[in-house]
Amino acid sequence: MDQHEQVFQTISQSSKWKKILHQVRYAIFHDVSGFLGFLILSVILILTLIAPVVFPLDTVSNVGAILQPPSSQHLLGTDHLGRDIWAQIANGGKDLLIMAIITATLGIFLGVMLGAFSAIVGGKLDEVLLLLADVWLSIPRLPLLVVLSAFITLNSMIFAVLLAILSWAGLYRTIRSEVLSLKERAFIEVSFMQNLSTSHIVFKEIAPNLIGFIAINYTLLMKAAIYAQVGLVFLGILPLEQNWGVMINQAWTQGVIYSPDSILYILAPTIMICLLIVSLVWIGKSLEDVFNPSLRK
Amino acid sequence: MKINNTVLFIIKRLLKMLFTIWVVTTIIFFLIRLMPSNPVDRYVEEQMVQYGLSAEEARAKASFLFSMDLDKSMLEQYITYLGQVIRLDFGDSLLSPGVPVMAIIAERLPWTLFTVGFGLLLSFIIGISAGAILAYRRDKWYEPVVSGIASFLSSIPDFLIAIFLLILFGVVAWGGGNPILPIELLRGNYSMDVTPGFNFAFIKDAIMHGFLPIMTYTVSQVGIWVLLMKGSTISTLSADYVTLAKVRGIKPRRILSAYVGRNALLPISTEFAMRLGFIIGGSLIIEQLFVYQGIGLELLKATSGQDYPLMQGIFLIMTIAIVISSFLAEIFYAVLDPRIKAKEGN
């Protein structure tokens, strides 16, 4: 590599980073809801990271302090076994987040592979995949998971993978149409004309243009994963571990809802899940503004 | 030529609908009959081990229970099964022997349709009115506030909204008195002391019992209608024919109803049918929360009680509901907007 090329490379690298930095700044600060989304998610992430050390869970039950209202000792009161609710809230996001990340990563991977493949190859295969996706989309997801639970013993890990596989169709359809419209664009047409290899076109030309699209769908998929996980935990179909959905389930089965004093036991995890989901949706919308300039006001 | 295109379009969609139902039916058959440790084999084994029946007796009993002839080949069983599904005959429930699955579904489904339909309709009416107003008043202070609330409501899960509503109406004692609704008395579909039928007491009671589920569906759906209608109206407002109507001096009220409203509503109305199907699938958790005796709660009961005929019947009915409503939505849209047909026709 000679001198000039190196200089040229450095400049383009630095301007690339500048561009990314600029985009990140724009995503976070360009409107109120997007900013709130990033803020809420950061707070939840920080809380999740420090919780095991700063707010350890009560491992033993305390019969003397069952379902107490908030006090200075127990910020949010205690549950039906006398354990501190705040500690459970602080520690309850980790599993949900990990599960959602697994589902979203796997699901996106599947969707991009199938979608890009189908759009580029085209022909009969594309038609068959599209028909299958249509059929798949009309199968109700939640009832299917409930019915499947009668045949398979679910745990969080199996469930995360299963959910990613089940959500292939929606992503496949959106990514396929995105790749199709990219294919029409001049720079892709030129690379086809230059006879570049398919893998080069997919990974060097098309993939970089899908990054924004992938980021947006990643947040949406995480949202869907959290919805499904919490829903199935509430229905008692997933095993009880330590997360906000389980807290709702416990509070519900303990009849907490009928005692106004300890209503925080059910209200606190409900609010946390709402905040997490809303922050994901708002981040997704804000990312959409960044990568889809035509939608900017 | 025009009619030809429409008929072709409808036939294509109809075939797709039947194909979907066939795929789902096949998946169910596969799960029940062919999976390792499937319910039929498990049942036969259980009968042999626990009750000491001979293999033949156990198989005969299972055949009767699952209405499948286990002595025939797998292909024959599959064909018989398809024939039964076409006649909507899912056999008898395992948990309540002697009661056909279809009878249970016929009893439960109307209640789910009632609450889901009522809630969806209410949210649709409120949502599109608010959305249209917001599109007109984009300069007012309340526009970002209402839009923010709408986007918030449309993103939180419906069952969390249900919990909030339950706390708001059924638990918190406003001003020290009793909660607004006596939720303990509102379980089930209607009270014991009213006679079902077309009388005022029954209708009032049914609405009271369905109030919280209906509210839940309304609140969880209203946000999406507001956002959709706002977006759709804004894009219609900038259309040439609206500008022309203004130039011609047509009264704003008439422009709103005849020019903007109708065209903005078109793309949204198809969403309505689509959603109806999907919310029926999502009614599981809501009905469990409010102990509302609809099809969703029945599916949960069937699953926990391992009542396979009932489970497959309900799941198939739910899928059929979704498939039919998306079919209707597509037809409806194609009839209203000829461009779709033109694109699909070739």
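Since every read-out is calculated from the coordinates, none of them should be taken as a lab result. These numbers come from a predicted model, not from an experiment. Don't worry about glycine lacking a Cβ; one is built from the backbone with ideal geometry, like all the others, and counts go over all protein chains shown.
Just a few scattered comments:
- Gyration tensor (alpha-carbon) shape descriptor, chain B, a/c threshold 1.5: oblate
- Counting every pair of alpha carbons in the range B:113-306, the share spaced more than 32 Å apart comes to 30 percent.
- Normalised contact order of chain A, rounded percent, pairs of Cα under 8 Å and 6 or more residues apart: 26
- Entries in B:Lys12/B:Lys72; A:Lys19/A:Lys183; A:Lys183/B:Lys12 that, when Cα-Cα distance is taken, lie over 30 Å: B:Lys12/B:Lys72
- Here the range B:222-240 is scanned for amide nitrogen atoms under 15 Å from the site 7 Å beyond the Cα of B:Arg138 along Cα-to-Cβ, giving B:227-240.
- Full-stretch length increase - A:Lys19, A:Val60 - with 0.36 nm per residue and alpha-carbon distance subtracted: 9.6 nm
- Stokes-Einstein diffusion of the range B:197-257 at 37 °C, 0.692 mPa s viscosity, Kirkwood radius from Cα pairs, rounded to a whole number: 216 µm²/s.
- Summed over qualifying helices (DSSP H, 4 residues or more, each -39500 (n - 2.57)) and divided by its residue number, chain A shows a 222 nm mean residue ellipticity of -24000 deg cm²/dmol.
- Sites B:Val335 and A:Ile211, calculated FRET efficiency, Cβ-Cβ separation with R0 35 Å, nearest 0.05: 0.30
- Placed amide H near B:Asp92: partners under 5 Å, 5+ positions off or other chain: B:Val101
- Residues B:Ala239 and B:Asn4, FRET efficiency given R0 of 30 Å [Cβ-Cβ distance, rounded to 0.05]: 0.45
- Sequence-distant aspartates and glutamates (8 or more away, or on other chains) whose Cα lies within less than 17 Å of B:Lys301: B:Asp92, B:Glu107, B:Glu287
- The ranking of B:Lys16, A:Lys204, B:Lys230 from fewest to most other beta carbons within 10 Å of each one's beta carbon is A:Lys204, B:Lys16, B:Lys230.
- Mean separation of Cα contacts under 8 Å, 6 or more apart, over the residue count of chain B: relative contact order %: 25
- Listed by chain and number, the lysines whose alpha-carbon sits under 25 Å from that of B:Lys246, ignoring those within fewer than 8 places in the same chain, are A:Lys297, B:Lys140, B:Lys230.
- Straight-line reach from A:Lys285: taking Cα to Cα under 15 Å and skipping same-chain neighbours fewer than 8 places apart, the aspartates and glutamates in range are A:Asp31.
- Separation between Cα centres of the range A:203-245 and the range B:239-294, rounded to whole Å: 29
- Candidates B:Ser151, B:Ser123, B:Ser325, ranked by Gaussian network fluctuation over chain B, Cα under 10 Å, top entry: B:Ser151
- Given R0 = 22 Å, the distance between the Cβ atoms of A:Leu132 and A:Ser197 translates into a calculated FRET efficiency of 0.20.
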